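The values are calculated or read from the model by the stated rules, or taken from the named source; none is laboratory data. For clarity, every value in this text was computed on a predicted model and none was experimentally measured. Side chains are part of the model used for accessible areas, which takes the heavy atoms of the whole protein and leaves out ligands, DNA and RNA. Shrake-Rupley method; radii C 1.70, N 1.55, O 1.52, S 1.80 Å.
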Amino acid sequence: MNPIHQFKGCDLLSLNVFLAVAAHASFREAGKELGITASAVSHSIKVLEQRLSVRLLNRTTRSVSLTDAGERLAATLRPALSSVAGALQEIDSFGGIPSGTLRINSSEGAVRLVLQPVLARFLRENPQVHLDIVCDGKLSDIVAHGFDAGIRLAEAVPQDMVSIRVGAPVRFAAVASPGYLAARGRPVVPQDLHGHDCIRFRFDSGAIYRWEFERHGNAETVNVNGPLTLTDQPLMVDAAIDGIGIAFVPDHLAASALSDGRLERVLQTWCPAYPGLCLYYPGHRHVSSALRALIAMLREALQNDVPRESA
């Protein structure tokens, strides 16, 4: 039998719509993922069920769930359509011209430090590429959330990923205003921070960042306390300038305030440099021409320390 006949008229779009509904258990959320309306999703599912002559979804006014037939179809389709997508990505590389959508997951700070300096140039030189950049602090699973690559500090990259260094080593700085230090004194060792007001950082996951120090091979981690917790590191710098307490932030964020005296360093010998930012992606996945072009430009920028371009 001709394999095409086995599809009973089902196209790849309707099958992708079905998988999106199966993943989200919602017509509305599936529509958001695919960029179509909920009514279009509903119509596509209805046509698919008619062509297959089987009900795939149980629908009520409050919920959507898979039938037994729907469960079996979804389990079979996921790897099959993933293979199709991989084949299309591989063909993309033969075209020579980077194209398509490139989805990147990163923290906002990493985007500003690594991507923003090359963003305008990359899009100018690759007009057929659309960059879709999502900033969060959750250390998202890039495979589960459909990203082509992520950018994080080297220490946060999962071990099963291909990792490429795209940023210089990062040094953290413990900083406070001269007024605060005059009133409260200067910590000499990390454990002294327990007697100080510290400005804490909260990840998007809800976890509070514990301050990590190292000197002569001795590592110390301090779970600090203080009157203020923020999810934005530049705001932490501003709070330290205002005398609220001691902040622990990437060195480059405090550089301006340190140079003009609004902030001073503390525990400087306890603040070593750490491996910098890395771009990473799944090793089993084909690397598209668009991702290869971005990697090449980021490597060039790191090597040559190119001037920032306005985006």
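Some points to look at:
- Global geometry of region 192-256, whether rounded, prolate or oblate, following the gyration tensor of its Cα atoms and the 1.5 cut on a/c: rounded
- Helix 68-94 axis, angle to the chain major axis (alpha carbon atoms, nearest 10°): 70
- Shape summary: region 84-218 maps onto an equivalent ellipsoid whose semi-axes, from the alpha-carbon gyration tensor, are 40, 17, 14 Å in decreasing order.
- Accessible area per residue was computed with a 1.4 Å probe on protein heavy atoms; R292 scores about 100 Å².
- Between helix 38-52 and the chain there is an angle of about 40 degrees, using the helix long axis and the longest principal axis of the Cα atoms.
- Beta bridges per DSSP with both ends in region 33-179, % antiparallel, nearest 5: 25
- Radius ratio Rg over Rh of the chain, counting only Cα atoms, Kirkwood formula for Rh: 1.09
- L235 accessible area, assembled protein chains, probe 1.4 Å, Å²: 90
- Percent of beta bridges antiparallel (DSSP, the chain, rounded to nearest 5): 65
- Accessible area per residue was computed with a 1.4 Å probe on protein heavy atoms; D232 scores about 50 Å².
- Relative contact order for the chain, counting Cα pairs under 8 Å that sit 6 or more residues apart, in percent: 22
- Shape parameters for region 152-311, alpha-carbon atoms, Rg then Dmax in Å: 18.0, 58
- Helix 12-24 axis, angle to the chain major axis (alpha carbon atoms, nearest 10°): 50
- For region 215-299, the extents of the C-alpha atoms along the principal axes are 50, 30, 25 Å, listed from largest to smallest.
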